[in-house]
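J.: Handing you a structure now.
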Amino acid sequence: MTLPTPVRKGRAGRLGGWRRQYEALQMSAVQAAELIRPGTAVAVSGSANWPYAVDEALAARLRSLSGRIELLSLYAPPDTALLSPANADLVSYQANFFSGERLMAKQGNVRYVPAHLGNTGDWMCSRCPQAAVITCSAPDENGWMCRSLWGASVPRQTLELAETVVVVVNDRLPSFSSGGEGHMLFHVSEADAIVKDSRPPAEHPPVPAGETDRRIAEYIADLVPDGACVQFGLGGLANAVGECLADAGKRDLGLQTEVIGNCVMELMKKGVLNNSRKQTCTGRSVGAYFIGDKRLWDFARENPAFCQKDIHWTNDPRRVAQNDRVVSINNAMEIDLTGQVNAESVGPRQYSGTGGQLEWVLGSQWSRDGKSIIALRSSYRDKAGELHSKIVPQLPPGSVVTTPRTCVQYVVTEYGVADLRYKSVLERARALIAIAHPDFRGELSRALPTVLL
């Protein structure tokens, strides 16, 4: 793949070759933190790419100056200095997806931004960040560093807008194949500071699939034709879907997705997923994030069968639809009898995020012979052990509608498949009741008059 051309002009960009620039840009974390002005917005890469080497130094600088910053990121780890309760008066944090953030929200300085993952760069740029602090792999022979595992949490357009870009170079981060439009590379000449680190990045081992996940996955696998381009995420259900696709003998599957996990590696090793029929990036599995353990990293490292792309590229529904037979698989927390999907909140309390669900729902349905699937367990037990239905007459007050009913196609539980597309409200409700937990079907049927008013 042809290498891109550097866009930014970093602080040492005129010093000659990239190796000379690399040496000139190296500094301590304290020196790098001094490049960041209090009173400004700062974009920071999340999760396994969190720049720990600068985190404490920047927090200490803010404390010494009694300065404040606005921090932009997602999937912030729980052990960061900047987001510790002691620094809540110094940092205002915004994220367009919650994970550990949901536990930090009670600090009063953590806010959720309703924005599709594909619009992460647009959202960050709207805050006019003065600086960005990212973590990359060590440079290759051409001076290009891979933004690696969670690098898409600060998209390139944000890096190009920021006045100052601090790069933490972690030689333990894997480098993945990338290039072309939406690439995930950053050149030494584009950086304003380099801080070295060797912290082991956090792994995310696969979640074992349960029996309920397996039953849901079997229904999903039946909906996936040979040659489909699939999108699925993380967790036990995604792993179960991967296993069922292999067991069903599916052939020539392709992949374009937000998240590449261990189940993708297993499907590629088994020859089920070879990307041979894709229209874009033919022959390559495409994703923005690599979320798994060291086995995945070792398999995907510099592997030309992969192509890591920025989140705006992977999640653009128009680009998704350029592939034929796209099948998107997304989770839900609950769904009402008209088909409204809540995938992100518990009542009004933000639990996760809109993510890219609606982007994939639209992109897959715009694809020729594409399908959109919303999957959820039919029920759950609360802390007291009481069983509740996830298919409800109406969403509880304050619940977020992640995907509107007009866009929902297939809904799958462990009890079957409901095709809601172009169905009347009554037909939708009856189809959803048929795949609800048997203990709640009578109750849901009695609630029909309230839905049909």
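J.: Go over the candidates Ser372, Ser328, Ser364, Ser352 one by one and state the one that is in a loop (DSSP other than H, G, I, E, B) and among the hydroxyl-bearing types (Ser, Thr, Tyr). Give the steps one after another, and end with the answer.
T.: On the way: Ser372 fails: in a loop (DSSP other than H, G, I, E, B); Ser328 fails: in a loop (DSSP other than H, G, I, E, B); Ser364 fails: in a loop (DSSP other than H, G, I, E, B).
The unique qualifying residue is Ser352.
J.: From Glu359, Glu386, which residue is acidic (Asp, Glu) and more than 25 Å from Ala447 (Cα to Cα)? Explain how you work it out, then say what you get.
T.: Values: Glu386 fails: more than 25 Å from Ala447 (Cα to Cα).
Being acidic (Asp, Glu) and more than 25 Å from Ala447 (Cα to Cα) holds for just one of Glu359, Glu386, which is Glu359.
J.: Please tell me if Gly242 is more than 19 Å from Glu359 (Cβ to Cβ) and free of Cβ contacts under 8 Å to residues at least 24 places away in the same chain. Don't jump to the end; show me each part of the working.
T.: Values: more than 19 Å from Glu359 (Cβ to Cβ): yes; free of Cβ contacts under 8 Å to residues at least 24 places away in the same chain: no.
Taking the combined requirement at face value, the residue does not satisfy it.
J.: Can you find a residue in region 156-164 that is in contact with a Phe, Trp or Tyr (Cβ under 9 Å, 6 or more places away or on another chain), assigned to a helix (DSSP H, G or I), among the charged types (D, E, K, R) and crowded, with 23+ Cβ neighbours inside 10 Å?
T.: The answer is yes; a qualifying residue exists.
J.: Kindly indicate whether any position in region 55-77 is modelled with pLDDT of 95 or more, among the hydroxyl-bearing types (Ser, Thr, Tyr), in a helix (DSSP H, G or I) and not assigned by TED's automatic domain parsing to the domain that holds Ala288.
T.: Yes: one or more hits.
Every residue, every condition in (1) surrounded by 18 or more Cβ atoms within 10 Å (Cβ to Cβ); (2) more than 30 Å from Glu23 (Cβ to Cβ), yes or no:
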position: Val169; (1), (2): yes, no
position: Ser175; (1), (2): yes, no
position: His183; (1), (2): yes, no
position: Phe186; (1), (2): yes, no
position: Lys196; (1), (2): no, no
position: Val207; (1), (2): no, yes
position: Tyr219; (1), (2): yes, yes
position: Phe232; (1), (2): yes, yes
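J.: Pairs, please: C-beta under 6 Å, at least 6 apart or cross-chain, first residue over 26 Å from Ala12 (Cα atoms) and in region 194-211, second assigned to a loop (DSSP other than H, G, I, E, B) and not β-branched (Val, Ile, Thr)?
T.: Close Cβ pairs satisfying both conditions: Pro200/Arg172; Pro201/Leu173; Glu203/Asp293; His204/Gly292; Pro205/Asp293.
J.: Provide a single number: the residues in region 44-72 that are among the charged types (D, E, K, R) and within 23 Å of Asn170 (Cβ to Cβ). Quick ask: steps written out before the conclusion?
T.: We begin by selecting, within region 44-72, every residue among the charged types (D, E, K, R); these are 55-56, 61, 63, 68, 70.
From what is left, the residues that are within 23 Å of Asn170 (Cβ to Cβ) are 55-56, 61.
Final tally of qualifying residues: 3.
J.: Answer yes if at least one residue in region 245-252 is in a helix (DSSP H, G or I) and surrounded by 19 or more Cβ atoms within 10 Å (Cβ to Cβ), and no otherwise. I'd like the intermediate steps shown before the answer.
T.: Filtering region 245-252 for residues in a helix (DSSP H, G or I) gives 245-247.
Narrowing the set further to residues that are surrounded by 19 or more Cβ atoms within 10 Å (Cβ to Cβ) leaves 245-246.
Yes - at least one qualifying residue is present in region 245-252.
J.: Please verify whether region 193-205 includes one or more residues that are of a type in the set (D, E, K, R), modelled with pLDDT of 95 or more and over 30 Å from Asn142 (Cα atoms).
T.: no
J.: Follow-up. Filtering region 253-272 down to residues that are in a strand (DSSP E or B) and in contact (Cβ under 8 Å) with a residue 40 or more places away in the chain, which residue is surrounded by the most Cβ atoms within 10 Å (Cβ to Cβ)?
T.: Keep residues of region 253-272 that are in a strand (DSSP E or B), which gives 253-260.
With the extra rule that they be in contact (Cβ under 8 Å) with a residue 40 or more places away in the chain, the set shrinks to 254, 256-258, 260.
On the way: Gly254: 27, Gln256: 30, Thr257: 25, Glu258: 24, Ile260: 27.
Per the stated criteria, the residue is Gln256.
J.: Okay, next question. I need the full set of residues from region 184-216 which are in contact with an Asp or Glu (Cβ under 7 Å, 6 or more places away or on another chain) and not in a loop (DSSP other than H, G, I, E, B), in order please.
T.: The answer is Thr212, Arg215, Ile216.
To keep it simple, each residue is scored yes or no on (1) in contact with a helix residue (DSSP H, G or I) (Cβ under 8 Å, 6 or more places away or on another chain); (2) of a type in the set (Gly, Ala, Ser).
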| site | (1), (2) |
| --- | --- |
| Tyr351 | yes, no |
| Gly356 | yes, yes |
| Glu359 | yes, no |
| Gly363 | yes, yes |
| Arg368 | no, no |
| Arg377 | yes, no |
| Arg381 | no, no |
| Glu386 | no, no |
| Pro397 | no, no |
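J.: Do we have Ala43 as in contact with a strand residue (DSSP E or B) (Cβ under 9 Å, 6 or more places away or on another chain), within 30 Å of Thr280 (Cβ to Cβ), assigned by TED's automatic domain parsing to the domain that holds Cys146 and crowded, with 16+ Cβ neighbours inside 10 Å here? Quick ask: steps written out before the conclusion?
T.: On the way: in contact with a strand residue (DSSP E or B) (Cβ under 9 Å, 6 or more places away or on another chain): yes; within 30 Å of Thr280 (Cβ to Cβ): yes; assigned by TED's automatic domain parsing to the domain that holds Cys146: yes; crowded, with 16+ Cβ neighbours inside 10 Å: yes.
When the stated conditions are applied, Ala43 passes them.
J.: Next up: Assuming Glu386 fulfils every condition listed in (1) over 26 Å from Ala217 (Cα atoms); (2) modelled with pLDDT of 95 or more apart from one, which condition is it?
T.: (1)
J.: Next question. If I ask for residues that are in a helix (DSSP H, G or I) and either touching a residue at least 40 places away in the same chain (Cβ under 8 Å) or surrounded by 23 or more Cβ atoms within 10 Å (Cβ to Cβ) (or both), which ones from region 1-32 would you list? If you could, list the steps in order and put the result at the bottom.
T.: Of all residues in region 1-32, those in a helix (DSSP H, G or I) come to 18-25, 29-32.
Matches in region 1-32: Trp18, Arg19, Gln21, Tyr22, Leu25, Ala29, Gln31, Ala32.
The values are calculated or read from the model by the stated rules, or taken from the named source; none is laboratory data. Worth saying up front: this structure is predicted, and the values here are computed from it rather than measured. Cβ sites come from the backbone with ideal geometry, for glycine too, and all protein chains shown count toward neighbours.
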